[in-house]
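Student: To start, I am sharing the structure in question, which I have written as structure tokens.
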Amino acid sequence: MIAAYQEALKAFKEDEVPVGCVIVKDDKIIARAHNRKEKKNCAIYHAEIECMIKAARKLNNWNMTGCDLYVTLEPCMMCTGAIVNSRIDNIVFGCRDPKGGALVSNVEFKRIEGLNHYPGIEGGVMEEECSQILKTFFRNKR
């Protein structure tokens with residue numbers, strides 16, 4: 001999660017919503033990314049999506065069985081769908097997203113029946129740090 005947080009710091013410095021993500025396979029980071037929606041002027045450039053694209057290139061495979069995704073903010077519905085479709089084993093997130101979170105905050109992901117994959121979920125890792133950088137970012141925006 002420390003590496004994901006470092007990516008969030010990069011986003012913060014680039015005036016992007018400070019969310020960072022890394023994907024780990026065999027205890028090694030294979031991809032890292034942060035939000036770039038503003039820079040790319042496109043809503044899909046969330047940290048998780050960019051990180052999955054990089055990991056797929058590295059693995060030369062869309063199927064990320066055996067990989068874990070670490071992200072500083074609970075994934076949204078779009079990112080959760082991509083994570084499921086990528087077959088990532090586990091999602092570890094920092095803080096909940098009361099407005100857009102689709103694992104536990106707004107959608108109880110595990111209650112959706114009939115999906116072809118259900119990754120493990122662990123939240124609250126480095127929660128205070130992940131929450132604080134977001135609060136600082138939005139406070140500065142006001």
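The values are calculated or read from the model by the stated rules, or taken from the named source; none is laboratory data. Computed from a predicted model, the values in this text were never measured in an experiment. Note: ideal-geometry Cβ built from the backbone for every residue, glycine included; neighbour counts use all protein chains shown. For accessibility, only protein heavy atoms count, side chains too; no ligands or nucleic acids. Shrake-Rupley method; radii C 1.70, N 1.55, O 1.52, S 1.80 Å.
Student: Send over a whole-number figure in Å² for the accessible area per residue of the stretch 30-133, probe 1.4 Å.
Tutor: About 53 Å² of surface per residue is accessible.
Student: Pairs 54/135; 39/141; 58/110; 28/135: which exceed 22 Å Cα-Cα?
Tutor: 54/135; 58/110; 28/135
Student: Okay, helix-only estimate at 222 nm for the chain: each DSSP H run of n ≥ 4 adds -39500 (n - 2.57), divide by all residues, round to 500 deg cm²/dmol; what do you get?
Tutor: -11500 deg cm²/dmol
Student: Rounding to the nearest 20 debye, state how big the charge dipole of the chain is about its Cα centre with +1 on each Lys and Arg Cβ and -1 on each Asp and Glu Cβ.
Tutor: It comes to approximately 540 debye.
Student: Here's another thing I want to ask about it. Which of the GluC sites (Glu not before Pro) found in the stretch 14-54 are in a DSSP loop and have at most 16 neighbouring Cβ atoms, other than their own, within 10 Å?
Tutor: For GluC sites (Glu not before Pro) across the stretch 14-54 that sit outside H, G, I, E and B with at most 16 neighbouring Cβ atoms in 10 Å, the list reads 14.
Student: Still on this structure, please answer the following. GNM on the chain, C-alpha springs below 10 Å: top fluctuator among 33, 82, 47?
Tutor: Taking springs between Cα atoms under 10 Å, the residue moving most is 82.
Student: If you don't mind, another one. Go through 72, 136, 65 and list them by solvent-accessible area, largest first, probe radius 1.4 Å.
Tutor: The residues order as 65, 136, 72, largest area first.
Student: Using a Gaussian network for the chain with springs between C-alpha atoms less than 10 Å apart, which of these wobbles most: 60, 85, 106?
Tutor: Answer for the Gaussian network model of the chain: 60.
Student: Enumerate the residues in the stretch 18-39 having an amide nitrogen under 19 Å from the point lying 7 Å beyond the Cα of residue 57 toward its Cβ.
Tutor: Correct set: 20-25, 29-39.
Student: Leaving out ligands, DNA and RNA, what percent of the accessible area of the stretch 1-107 is carbon and sulfur, probe 1.4 Å?
Tutor: Carbon and sulfur: 50 percent of the exposed surface of the stretch 1-107.
Student: Chymotrypsin sites (Phe, Trp or Tyr not before Pro), restricted to the stretch 11-75: which are DSSP loop and have at most 14 other Cβ atoms within 10 Å?
Tutor: 62
Student: In addition: Please compute the net charge surrounding residue 40, taking Lys and Arg as +1 and Asp and Glu as -1 over other residues with Cβ under 15 Å from its Cβ.
Tutor: My count for the surroundings of residue 40 gives -1.
Student: Using the Karplus curve 6.51 cos²θ - 1.76 cosθ + 1.60 with θ = phi - 60°, work out ³J(HN,Hα) for each residue of the stretch 25-36 in order, rounded to whole Hz, and write x for Gly and Pro.
Tutor: With coefficients 6.51, -1.76 and 1.60, one gets 9, 6, 6, 10, 6, 9, 7, 8, 6, 9, 4, 9 Hz.
Student: Taking amide H positions as placed 1.01 Å from N in the peptide plane, with prolines and chain starts having none, which residues 5 or more places from residue 97, or on another chain, fall under 5 Å of its amide H?
Tutor: When sequence neighbours closer than 5 places are left aside, the close amide H contacts are 74, 105.
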